[in-house]
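Engineer: The structure follows.
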Amino acid sequence: MLNALSVDIEDWFQVGAFESVIARDDWDDLAHRVEDNSIAVLDLFERAGVKGTFFTLGWVAKRYPSLIRRIADAGHEIASHGWDHQRVFTLQPEEFRADLRKAQKVLEDASGQKLSGYRAPSFSIDARTPWAHQILADEGYHYSSSVAPVIHDHYGWPEAPRFAFNPLKDDDFLEVPVTTARLGGRTIAAGGGGFFRLLPYRFSRWAIGQVNGENQRPAIFYFHPWEIDPEQPRVENAPLRSKVRHYSRLSAMEGKLERLLGDFQWGRVDRVVEMQRELSQ
């Protein structure tokens, strides 16, 4: 089973957990670590012999175009993560369209690739954004990986399907939700990020095994470059819960990723999407 490997390219200060204490106007004055951390991810993938999809902020691509070209030249997919990490449910439809276009131009110019995929910041496509998928299709995107079908304090659309689905009538546009597992009659997050970093590795191995085996579906896994950077600056005035989530077990992350990449088969999201589309025909 080929699973989808993805990286959300954003810097440590751009995460949703810090948006209430770090202003966007201050981003350029902070220590940028996204380039070095992303190169470390590229090195990790090269050692493991895998390709992935890099959902990238346009803000990052504008400042580091050579990084985006390096990722593309290594055979990975470049996809959009929007411009500057504004959650989709905070935007009006035309603001969302403008955000997409602004990021797409910079990403395509830097990478030399035509974008086909999008991931909403903080998985912020949900029941409040019934217009979002249509706008993505109208703007030429072929798939989205923007839905988390779980209950969470920052995001979640628990009523959404757990696996790839067509959100639009008479259109082959696909939404591929981040992976969840079933435990004790509940749907739980199991697709990476903080859950992967904080919980024992055996949980993720079990969850992906369940999805591949019992469900016969690919896993959709994600993480961020800052998650393999234990030396990143600390945001002392952030809420305690945010600090615990963000900084815990950073030093263990790279080793866990190495195990994960060796235990399962991984590839770009667009490849997995195409396989899912073929199976549904």
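The values are calculated or read from the model by the stated rules, or taken from the named source; none is laboratory data. This structure is a prediction, so every number in the text was calculated from the model and none was measured. Here Cβ is always computed from backbone atoms with ideal geometry, including for glycine, and neighbour counts include all displayed protein chains. Note: accessible area is taken over every heavy atom of the protein model, side chains too, but ligands, DNA and RNA are not part of it. Shrake-Rupley method; radii C 1.70, N 1.55, O 1.52, S 1.80 Å.
Engineer: Would you be able to tell me the number of residues in the stretch 228-281 that are within 21 Å of Arg217 (Cα to Cα) and either in contact with a Ser or Thr (Cβ under 6 Å, 6 or more places away or on another chain) or at pLDDT 95 or above (or both)? I'd like the intermediate steps shown before the answer.
Structural biologist: Step one: of the stretch 228-281, the residues within 21 Å of Arg217 (Cα to Cα) are 257, 259-281.
Within this subset, residues satisfying the condition of being either in contact with a Ser or Thr (Cβ under 6 Å, 6 or more places away or on another chain) or at pLDDT 95 or above (or both) are 257, 259-274.
Residues in the stretch 228-281 being within 21 Å of Arg217 (Cα to Cα) and either in contact with a Ser or Thr (Cβ under 6 Å, 6 or more places away or on another chain) or at pLDDT 95 or above (or both): 17 in total.
Engineer: Which of the numbered conditions does Trp59 fail, given that it passes all the others? Conditions: (1) outside any strand (DSSP E or B); (2) out of contact with any His (no Cβ under 8 Å at 6 or more places or on another chain).
Structural biologist: (2)
Engineer: Ok, one more. Quick one: is Gly255 open to solvent by 20 Å² or more (accessible area, probe 1.4 Å), without any contact (Cβ under 8 Å) to a residue 40 or more places away in the chain and in a helix (DSSP H, G or I)? First the steps, then the outcome.
Structural biologist: Values: open to solvent by 20 Å² or more (accessible area, probe 1.4 Å): yes; without any contact (Cβ under 8 Å) to a residue 40 or more places away in the chain: yes; in a helix (DSSP H, G or I): yes.
So Gly255 passes the test.
Engineer: Among the numbered conditions (1) touching a residue at least 12 places away in the same chain (Cβ under 8 Å); (2) surrounded by fewer than 19 Cβ atoms within 10 Å (Cβ to Cβ), tell me where Leu199 comes up short.
Structural biologist: Here Leu199 clears every test but (1).
Engineer: I need every pair where a residue in the stretch 227-238 that is open to solvent by 20 Å² or more (accessible area, probe 1.4 Å) has its Cβ under 7 Å from the Cβ of a residue that is in a loop (DSSP other than H, G, I, E, B), sequence separation at least 6 or different chains.
Structural biologist: Correct list of pairs: Pro233/Ala31; Asn237/Val21.
Engineer: Which of the residues spanning the stretch 105-134 are open to solvent by less than 20 Å² (accessible area, probe 1.4 Å) and either of a type in the set (Val, Ile, Thr) or in a helix (DSSP H, G or I) (or both)?
Structural biologist: Leu107, Ala110, Ser111, Pro121, Phe123, Ile125, Thr129, Ala132, His133
Engineer: Out of all the residues in the stretch 58-84, which are touching a Phe, Trp or Tyr at 6+ places or on another chain (Cβ under 7 Å), open to solvent by 10 Å² or more (accessible area, probe 1.4 Å) and within 17 Å of Ser116 (Cα to Cα)?
Structural biologist: Passing the criteria: only Trp83.
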